[in-house]
Amino acid sequence: MSPADAHMDCSAALHRMMEYLDGEMAPDDTRALAQHLAGCAPCLAEHDLDQVLRELVQRSCACEPAPPQLRATIMQRITTICDDGSWTEVTQVRHISAEG
């Protein structure tokens, strides 16, 4: 993120909220979103709601493995970073055992 992009608007903040909550943002983006949340009550409320929802789903689903068909479908749609840094869709599904 360039210094000119350091200010994040509500649309960008809401779009990237889960990425922020999951700790998957670059440090500059994390700071920009945190700064936005410090000054925007509606986005902060959405952050708090998303955080509670995330924690609830984690607690509720932690002990239950995903069905094999769901896991296979997800694996088909995951994107990975190739060695050259480009993004590509996974086209082959690896054998996924019932154990996960």
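Values of log10 I(q)/I(0) for the range 10-81 across q = 0.18, 0.23, 0.27 Å⁻¹ run -0.84, -1.02, -1.15, by the Debye formula with one identical scatterer at each alpha carbon and no solvent. Protection proxy ranking for 60-67, 35-42, 7-14, 22-29, using the average of other Cβ atoms within 10 Å per residue and placing the highest first: 7-14, 35-42, 22-29, 60-67.
We did not get these values from a lab; they are worked out from the coordinates using the rules stated. In this text, all values refer to a predicted model and were calculated from it rather than measured experimentally. Reconstructed Cβ throughout: ideal geometry from the backbone, glycine too, with neighbour counts over all protein chains shown.
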